[in-house]
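In what follows, a single structure is set out as structure tokens and then discussed.
The values are calculated or read from the model by the stated rules, or taken from the named source; none is laboratory data. Just so it is clear, the model here is predicted, and its values are computed rather than measured. So basically every Cβ, Gly included, is an ideal-geometry build from the backbone, and we count neighbours across all protein chains shown. Surface accessibility is based on the protein's heavy atoms, side chains included, excluding ligands, DNA and RNA. Shrake-Rupley method; radii C 1.70, N 1.55, O 1.52, S 1.80 Å.
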Amino acid sequence: MKRVLITIILVLAFFYTGLMACTDIAVGKLATVDGSVISAQSVDGSYDSRLLIQPAADHEPGSMTPVWEWIIYADRRPLVQLGEIPQVEHTYQWIQTSYPFSNEKGLLFGETTIYGARATANGPDAIMTIEQLEAFALQRCTTAREAIELMGALAVEYGYRESCARGEGLTIADGNEVWFFEVYGVGPLWKPGDGPGAIWAAQRVPDDHMTVIGNASIIGEIDLTTNRPPNVDEDHFLICDNYLQSAIDLGLWTEGQEGPFVWKKVIGAIGNWNPRVWRVFSKYQPSGNWEYGSDTSAYPFSFKPDTQVSVYDIIELYRDVMADTPADQLANEAWNYVTNPGTDREQTRKSDLATPQPGSSIRNLIGLPSTQRLIAVQSTSCYFINQTREWMPDTIGNISWFGLGNGHKAVVVPIYCGITRVPESWKNVNRGISKINRDEAFWAFYTVDRLSQQRYGDMMPRIDAVRIPLQQKMYDMQEAIEATALALYETDPALANEFLTNYTNSLMIEVERAYWDLADQLILRLP
């Protein structure tokens, strides 16, 4: 009877699984041109993209703090309190959006939902969603290791609760290292007091490596004697004590079973093909001869890029639409048409309706193949490329390059981790109301994206004429801005932080206005 009940709950969980569509990148400090550590995420789907800066605070000893559900949709639905945990005496300033990503100490996160084995679906008594775990870690921790240990302990004690799907992954960076953390539930019948309420593991990305996570587990074989992957240092891997017993209890592994315990297949239930994973491996390590359509589940946890990368390279990666690959929709001949047929002026031209991100209606109309999952997608709510540099003061060396909407067409602005405010238009949006609001920055980027999708060939060059100079100016100014901030920091750290706050706010206002102006121009170029 118990097994029947579990099966029923799992079937229901399958039908109510939310959209899973985020791409994470992690880069170690020796794999970057300047020693930065990078953690990045695209928040793909209709999620809360408001930027809310939660200030540092002191709390009464012995006080409690609530555990919330629906943080990811807080722009349109009320939070629901699931429980509470003991509060700490001091919490750091942190930045909240659907998936919180930064604190004043330079602890930086990226999130990606993972399918996970169906048996790991959680029950109603588990209360720790991934976004709540991120918030607690940002409030309380300064390093990636501290964050992993705290989140793992909270998930085990209070139960991991899915908010989008069964599993979750996080890239977690501090000034010295970057890790990838995975967490899953222990089945729908778990209740507090039944034992561990989560299964989790975390692996450090080697300093000279980078990795990509596209909604799929990447942790590989676990040696059941050492409880870590073969050839991985003990100091580079963390795992919960109960992982093997929980896998046995859930029917995912048999006690005494022969053969390798491959985490991403036993717990993570990874598929065999992930175009985003192939794209990143082939782009940054072409010497590996990664074949398009190959079994990406067999790819290693991470890889050494052929050349070191910059944070600007990773920003540009989030614009990627598989150009010049077998998945390039813009290159498909179905977009072509012939002018002046049968005459000496006959020419084959590409329609200006051609787009690298075609929707199903146009694909069906002209016979395009199904689109491979791209890194840059129209459904993106926001995205951020986190850059942390340990040789600078926290409030200067740690940046989140933050953008709204489709990364292929948007601009990112540098949000220094200690800034104290953002413009009102970046703090407000309600995606639950299908109506453009010119007092909300998100709609400027969304409107440009949606308009240009109707006539990409004509409008994309006009977007680039605005986007590229704006973005390049920020890149060019970064060194001078930070030199000024460092000089101010020597005599007055608060003044340096106010300088960076004003700089970030001015950029946000500038790019928002530029995109509203662009939207007004593009609407007149519709077919």
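Matching residues to (1) touching an Asp or Glu at 6+ places or on another chain (Cβ under 6 Å); (2) of a type in the set (Ser, Thr, Tyr):
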residue	(1), (2)
THR355	no, yes
GLY359	no, no
ARG373	no, no
VAL377	yes, no
TRP391	no, no
ILE399	no, no
PHE402	no, no
LYS409	yes, no
VAL412	no, no
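The number of residues in the stretch 108-154 that are in contact with a Ser or Thr (Cβ under 6 Å, 6 or more places away or on another chain) and among the aliphatic types (A, V, I, L, M) comes to 2. Restricting THR491, THR484, THR504 to residues that are in contact (Cβ under 8 Å) with a residue 24 or more places away in the chain and either among the β-branched types (Val, Ile, Thr) or open to solvent by 70 Å² or more (accessible area, probe 1.4 Å) (or both) narrows the list to THR504.
Condition check ((1) at pLDDT below 95; (2) exposed (fewer than 14 other Cβ atoms within 10 Å of the Cβ); (3) closer than 16 Å to ASP208 by Cα) across all residues:
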site: ARG276; (1), (2), (3): no, no, no
site: ARG279; (1), (2), (3): no, no, no
site: GLU291; (1), (2), (3): no, yes, no
site: PHE301; (1), (2), (3): no, no, yes
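Within the stretch 469-509, the residues that satisfy the criterion of being over 15 Å from VAL413 (Cβ atoms) and either among the small types (Gly, Ala, Ser) or under 24 Å from the mean Cα position of the chain (by Cα) (or both) are ALA480, ALA483, ALA485, ALA487, ALA494, ALA496.
Exactly one residue among ALA269, ALA247 is under 22 Å from the mean Cα position of the chain (by Cα), aliphatic (A, V, I, L, M), surrounded by 20 or more Cβ atoms within 10 Å (Cβ to Cβ) and closer than 20 Å to GLY116 by Cα, and that residue is ALA269. Residue selection: SER39 satisfies the criterion of being of a type in the set (Ser, Thr, Tyr), in a strand (DSSP E or B) and modelled with pLDDT of 95 or more. Would you please name the residue that is most open to solvent (accessible area, probe 1.4 Å), looking only at residues in the stretch 81-105 that are under 18 Å from GLU162 (Cβ atoms) and touching a residue at least 40 places away in the same chain (Cβ under 8 Å)? The selected residue is LEU82. Here the condition is being over 16 Å from the mean Cα position of the chain (by Cα), closer than 25 Å to VAL27 by Cβ and among the charged types (D, E, K, R); of GLU89, GLU157, GLU146, GLU182, it holds for GLU146 alone.
Please enumerate the residues belonging to the stretch 422-455 that are of a type in the set (A, V, I, L, M) and in contact with a strand residue (DSSP E or B) (Cβ under 7 Å, 6 or more places away or on another chain). Result: VAL422, ALA441. The condition (being modelled with pLDDT under 95 and open to solvent by less than 30 Å² (accessible area, probe 1.4 Å)) is satisfied by just one residue among THR296, THR339, THR343: THR339. Does GLN472 qualify as being modelled with pLDDT of 95 or more, of a type in the set (S, T, N, Q), open to solvent by less than 20 Å² (accessible area, probe 1.4 Å) and closer than 28 Å to MET392 by Cβ? Judged against the criteria, GLN472 is not a match.
Selection of the stretch 56-76 for residues being among the charged types (D, E, K, R) and exposed (fewer than 13 other Cβ atoms within 10 Å of the Cβ) yields ASP58, GLU60. Can GLN357 be described as within 24 Å of ILE218 (Cβ to Cβ) and assigned to a loop (DSSP other than H, G, I, E, B)? No: the conditions fail for GLN357. Checked against (1) modelled with pLDDT of 95 or more; (2) loosely packed, with under 12 Cβ neighbours inside 10 Å; (3) not charged (D, E, K, R), LEU522 passes all but a single condition, namely (2).
Figure legend. Inter-residue proximity from the stretch 357-375: first residues under 22 Å from THR23 (Cα atoms), second residues open to solvent by 60 Å² or more (accessible area, probe 1.4 Å), beta-carbon distance below 6 Å, spacing 6+ or different chains. No pairs are indicated.
The criterion of at least 1 residues that are open to solvent by less than 10 Å² (accessible area, probe 1.4 Å), touching a Ser or Thr at 6+ places or on another chain (Cβ under 7 Å) and not hydrophobic (A, V, I, L, M, F, W, C) is met, among helices (runs of 4 or more DSSP H) falling completely within the stretch 374-460, by 394-397.
Do you know which of the residues in the stretch 204-229 that are open to solvent by 60 Å² or more (accessible area, probe 1.4 Å) and of a type outside the set (Val, Ile, Thr) is farthest from the chain's Cα centre (by Cα)? Ranking the candidates gives LEU224 first. Kindly evaluate PHE499 against the criterion of being crowded, with 18+ Cβ neighbours inside 10 Å and farther than 28 Å from ALA376 by Cα. So PHE499 fits the description; yes.
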